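Asks: Mind looking over this structure? Questions follow.
The values are calculated or read from the model by the stated rules, or taken from the named source; none is laboratory data. Everything numeric in this text was worked out from a predicted model, so none of it was measured. Here the Cβ positions follow ideal geometry from the backbone for every residue, glycine too, while neighbour counts run over all protein chains shown.
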Amino acid sequence: MTGCSSGFGKKISLALAEQGYQVVATMRDLTKQDALLSEAKHRNVANRLEILYLDVTDEDSVSQAVQHTLLSYGKIDILINNAGYAQGGFTEITPLSVWRKQFETNLFGTISVTQAVLPSMRKRKDGLIINMSSISGQFGFPALGPYAASKHAVEGFTESLRLEMRPFGVRVVLVEPGSFQTDIWQKSLADSVALPSNDDYRNAMTNMRKIAEHNSSSSQDPNQVIEMIVRIIHTSVPTLRYPVGKGVRSLLFMKRVLPWRWLERLASKQINRLMNEDT
């Protein structure tokens with residue numbers, strides 16, 4: 001599993017260890033492993049948890065981690081592609097280098113780890129790959145263009161991969177969380193994006209930061225997502241998509257059945273409020 005230093009990755013690693021799985025929890029920054037190790041010891045599952053260095057943007061790192069896992073345990077039953085981050089910013093003023101960095105982690109990192117694991121799963125004709133997407137992979141929210149674009153790409157990649165792997169018995173699914181109590185949204189807008197000098201965007205970004213700060217502390221309990229992951233793993237024939245979170249299914253239903261212009265009007269009202277509301 002990738003991206004296990006915090007958030008969903010940390011919680012999923014612990015939950016699966018408690019389920020009796022041998023978990024290889026990977027992270028880019030091993031200085032952040034102490035919180036995971038401490039919680040694992042507290043739950044008496046440290047013996048079912050191995051922490052490895054893995055940077056999903058470094059192919060050598062990916063190859064070494066996967067080969068180590070196969071040599072140590074003989075097989076990889078489940079791959080959970082969780083590593084990622086949310087990059088905020090308005091399109092006009094977000095440098096292209098920032099967009100590329102977002103895609104390197106969220107999309108190409110997911111593809112890289114998947115490619116490294118697929119040969120062993122294909123030969124065994126068994127395996128499960130879970131790609132962590134987002135409601136942003138189905139609906140492009142304003143000021144989150146880089147993140148939404150990367151998650152839309154993950155969704156398209158996963159659809160293709162699922163069809164490719166069906167003949168080999170490898171199951172591929174998407175998990176699409178809404179807004180949960182993790183630090184991803186605060187990092188995306190409050191920490192990673194400087195306030196623009198352009199007055200047309202400055203008020204909007206200030207207000208979006210406030211929303212991100214509020215969401216990081218008052219959104220839903222992330223254990224809903226963890227429970228969903230566990231249910232998927234215990235499902236013999238999982239479906240492609242698993243939206244999870246308050247309002248997510250309603251939003252996706254409206255997008256399917258309502259004309260886009262109606263949704264656009266609703267979204268435009270919110271955008272105008274963000275642009276014009278005094279901060």
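Asks: Failed condition for PHE103, given (1) at pLDDT 95 or above; (2) under 30 Å from ASP200 (Cα atoms); (3) in a loop (DSSP other than H, G, I, E, B); (4) not charged (D, E, K, R), with all others met?
Replies: Failed condition: (3).
Asks: Return yes when LYS11 is part of a helix (DSSP H, G or I), surrounded by fewer than 16 Cβ atoms within 10 Å (Cβ to Cβ) and basic (Lys, Arg) and no when it is not.
Replies: Judged against the criteria, LYS11 is not a match.
Asks: I'd like the full set of residues that are among the basic types (Lys, Arg), assigned to a helix (DSSP H, G or I) and modelled with pLDDT of 60 or more, limited to the stretch 159-208.
Replies: Residues satisfying the conditions are ARG162, ARG166, ARG202.
Asks: Now for a different question. Scan the stretch 96-115 for residues that are surrounded by fewer than 18 Cβ atoms within 10 Å (Cβ to Cβ) and either touching a Leu at 6+ places or on another chain (Cβ under 8 Å) or hydroxyl-bearing (Ser, Thr, Tyr) (or both) and jot them down.
Replies: Residue satisfying the conditions is SER97 alone.
Asks: If you check ILE130, ILE93, ILE135, ILE78, which single one turns out to be of a type in the set (A, V, I, L, M), touching a Leu at 6+ places or on another chain (Cβ under 9 Å) and farther than 17 Å from CYS4 by Cα?
Replies: Answer to the check: ILE135.
Asks: Give me the pairs, please: first residue somewhere in the stretch 65-81 and among the acidic types (Asp, Glu), second residue anywhere and in a strand (DSSP E or B), beta-carbon distance under 7 Å, and either six or more positions apart or on two chains.
Replies: Sorted first by the residue in the stretch 65-81, then by its partner, the pairs are ASP77/GLY127; ASP77/LEU128.
Asks: Go through the stretch 32-58 and give me each residue that's surrounded by 20 or more Cβ atoms within 10 Å (Cβ to Cβ), over 17 Å from TYR73 (Cβ atoms) and under 21 Å from the mean Cα position of the chain (by Cα).
Replies: Answer for the stretch 32-58, where residues must be surrounded by 20 or more Cβ atoms within 10 Å (Cβ to Cβ), over 17 Å from TYR73 (Cβ atoms) and under 21 Å from the mean Cα position of the chain (by Cα): LEU36, VAL56.
Asks: With the structure loaded, tell me whether GLY84 is in contact with a helix residue (DSSP H, G or I) (Cβ under 6 Å, 6 or more places away or on another chain) and touching a residue at least 40 places away in the same chain (Cβ under 8 Å) or whether it fails that test.
Replies: yes
Asks: A further question follows. Take the residues in the stretch 16-31 that are aliphatic (A, V, I, L, M) and crowded, with 20+ Cβ neighbours inside 10 Å, then tell me which one is nearest to ASN106 (Cα to Cα).
Replies: MET27
Asks: When you check LYS32 against the structure, is it outside any helix (DSSP H, G or I) and of a type in the set (D, E, K, R), yes or no?
Replies: Numbers: outside any helix (DSSP H, G or I): no; of a type in the set (D, E, K, R): yes.
Judged against the criteria, LYS32 is not a match.
Asks: Quick check on my filter: what residues within the stretch 222-246 are assigned to a loop (DSSP other than H, G, I, E, B) and within 16 Å of the chain's Cα centre (by Cα)?
Replies: Hits for the stretch 222-246 are PRO222, LEU240, GLY245.
Asks: Also: Considering only the stretch 43-65, I want to know if a residue exists there that is part of a loop (DSSP other than H, G, I, E, B), at pLDDT 95 or above, among the β-branched types (Val, Ile, Thr) and closer than 24 Å to VAL230 by Cβ.
Replies: Taking every residue of the stretch 43-65 in turn, at least one turns out to be part of a loop (DSSP other than H, G, I, E, B), at pLDDT 95 or above, among the β-branched types (Val, Ile, Thr) and closer than 24 Å to VAL230 by Cβ.
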